[in-house]
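The structure under discussion appears below in the form of structure tokens.
The values are calculated or read from the model by the stated rules, or taken from the named source; none is laboratory data. Fair warning: this is a prediction, and the values are worked out from it, not measured in the lab. Neighbour counts run over all protein chains shown; Cβ positions are idealised from the backbone, glycine included.
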Amino acid sequence: MRVVIMGCGRVGSSLAARLSTEGHDVTVLDVRADAFRRLPSNFNGKKHIGNGIDQDVLARIGVGDADAFIAVTQGDNRNVLATQVAKHIFGVPRTLCRIYDPIREEMYRELGLETISPTVMGANVLHGLLSEAPPAGEEA
Amino acid sequence: MYVIIVGGGKVGYYLAKELLAEPQHEVLIIEQNADKCERIAEELGDIVLRGDGCEAATMEIAGFGRADMVIAVTGDDEDNLVSCQVAKVKFNVPRTVARINNPKNQEIFQRLGIDVTVSATVAILAQIEQELPTHQMIPFLTLGGGLELVAVKVPAEAQVVGSAIKDLLLPHESLIVLLISPDGAPRAPTPETTIAIEDEIVAVTRRENEDALRAVLTSSA
């Protein structure tokens, strides 16, 4: 599978490393070259410096031929714009978009984007943990 | 009309000022930067709300639900897009206008349902193009049905110099509507009118035939 990941932060870099190890053709895009230091030294995918909300940049790195596009920059709106461009302009079959803001996440999910909100997920997990019995030895 | 402007930079500020000059409008600017908010409040009065114009809570306070129009004019296309999309989808705002900085974004904005897109970059480029000698064809106006009104100056070495209009092989659905002599005198074209050096030719053409028309009127022998 050809996968383009926009944003080489903690999530983007570890996802890129995993997919690459599994044998996928991975391209990582970030505006800052030093973001690529997060990738493992044996990463054999492609690294590109550029802004994913610029259609020329997306065209240049071959988003048109990608099977999947994943937007995981720090900016919700950047992720939203880039994902919609990948989906509607470049016709990428599978697009995933991270949106921190739960309200925006819900809205774009209703509009047909595949979205995740780490905020909601994190809160759910913590809430779940709290309602379980604490691990042995850590009672208050 | 209740108009909400997202972004209190130069564009937002002057836009609000213009709109406030017409008493029928109620205007609110949403701006994140505290200094900008203060300056707008000092100069235009109590018409500014500090906050993120993409955040539903701020939009609720701002009264997006009763806005007739939302105009997003921040310097970031992604913020303008999301403001307008949320305004449309969540608050049913009848008309959304977005400023676009990267001209390439026009298509996606329109496909995503933004009613009007305004690109300062395109406007500035068009104006500069008029001053550039290498861009010989100036687009004046987009008419209905894919037609454009264009102007072109005939270079001295052009093949058409000395030809009568009836002898020109113009592209399909192209029409010369006016000639302007170098001294500024306008001439109504007839089939017999001959084209002179440095004439400015005003023509109507199909957008897709623009290059062909330019070639006919400017290419050298």
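Details
- Lone qualifier among B:Ala203, B:Ala212 - being closer than 29 Å to B:Ala123 by Cβ, assigned to a helix (DSSP H, G or I) and among the small types (Gly, Ala, Ser): B:Ala212
- Scan of the stretch B:59-81 for residues that are over 21 Å from the mean Cα position of the chain (by Cα) and within 11 Å of another protein chain (Cβ to nearest Cβ), ordered by number: B:Met59, B:Glu60
- The number of residues in the stretch B:101-116 being away from every other protein chain (no Cβ under 11 Å) and of a type outside the set (Asp, Glu) comes to 2.
- Considering residues of the stretch A:10-45 that are among the basic types (Lys, Arg) and either under 19 Å from A:Thr95 (Cα atoms) or assigned to a helix (DSSP H, G or I) (or both) only, the residue nearest to the chain's Cα centre (by Cα): A:Arg10
- All positions within the stretch A:74-105 that are of a type in the set (Val, Ile, Thr) and either more than 11 Å from chain B (Cβ to nearest Cβ) or surrounded by fewer than 24 Cβ atoms within 10 Å (Cβ to Cβ) (or both): A:Ile89, A:Val92, A:Thr95, A:Ile103
- Scanning the stretch A:49-71 for residues that are assigned to a loop (DSSP other than H, G, I, E, B) and either within 12 Å of chain B (Cβ to nearest Cβ) or more than 17 Å from A:Arg2 (Cβ to Cβ) (or both) yields A:Gly50, A:Asn51, A:Gly52, A:Ile53, A:Asp54.
- Of all residues in the stretch A:72-81, exactly one satisfies the criterion of being over 13 Å from B:Ile108 (Cβ atoms), in a helix (DSSP H, G or I) and touching a Leu at 6+ places or on another chain (Cβ under 9 Å), namely A:Asn77.
- Residue within the stretch A:64-73 that is touching a residue at least 60 places away in the same chain (Cβ under 8 Å) and over 17 Å from the mean Cα position of the chain (by Cα) present: yes
- The residue that is nearest to the other protein chains (Cβ to nearest Cβ), among those in the stretch A:110-140 that are within 24 Å of A:Gly64 (Cβ to Cβ) and not in a loop (DSSP other than H, G, I, E, B), is A:Thr115.
- Residues of the stretch A:108-140 that are hydroxyl-bearing (Ser, Thr, Tyr) and farther than 24 Å from B:Val82 by Cα: A:Ser131 alone.
- Qualifying residue in the stretch B:142-154 (condition: under 30 Å from B:Gly75 (Cβ atoms) and within 14 Å of chain A (Cβ to nearest Cβ)): no
- Restricting the stretch B:32-52 to residues that are touching a Phe, Trp or Tyr at 6+ places or on another chain (Cβ under 9 Å) and either among the basic types (Lys, Arg) or under 30 Å from A:Glu105 (Cβ atoms) (or both), the residue that is farthest from the other protein chains (Cβ to nearest Cβ): B:Arg39
Yes/no matrix, rows are residues, columns are (1) at pLDDT 90 or above; (2) of a type outside the set (Ser, Thr, Tyr):
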position	(1), (2)
B:Val122	no, yes
B:Gln127	no, yes
B:Ile138	no, yes
B:Ala164	yes, yes
B:Leu175	yes, yes
B:Leu178	yes, yes
B:Ser181	yes, no
B:Pro189	yes, yes
B:Thr205	yes, no
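- Qualifying residue in the stretch B:138-155 (condition: farther than 26 Å from B:Pro103 by Cβ, over 18 Å from the mean Cα position of the chain (by Cα) and either in a helix (DSSP H, G or I) or in the same structural domain as B:Leu213 (by TED's automatic domain parsing) (or both)): yes
- Set side by side, the residues B:Cys84, B:Cys54 differ, and just one is touching a strand residue (DSSP E or B) at 6+ places or on another chain (Cβ under 9 Å) and modelled with pLDDT under 95, which is B:Cys54.
- Filter result for B:Asn92 (free of Cβ contacts under 8 Å to residues at least 60 places away in the same chain, within 14 Å of chain A (Cβ to nearest Cβ), in contact with an Asp or Glu (Cβ under 6 Å, 6 or more places away or on another chain) and farther than 24 Å from B:Arg187 by Cβ): no
- Among the residues making up the stretch A:82-109, a single one is touching a Gly at 6+ places or on another chain (Cβ under 6 Å) and either assigned to a helix (DSSP H, G or I) or modelled with pLDDT under 95 (or both): A:Ala82.
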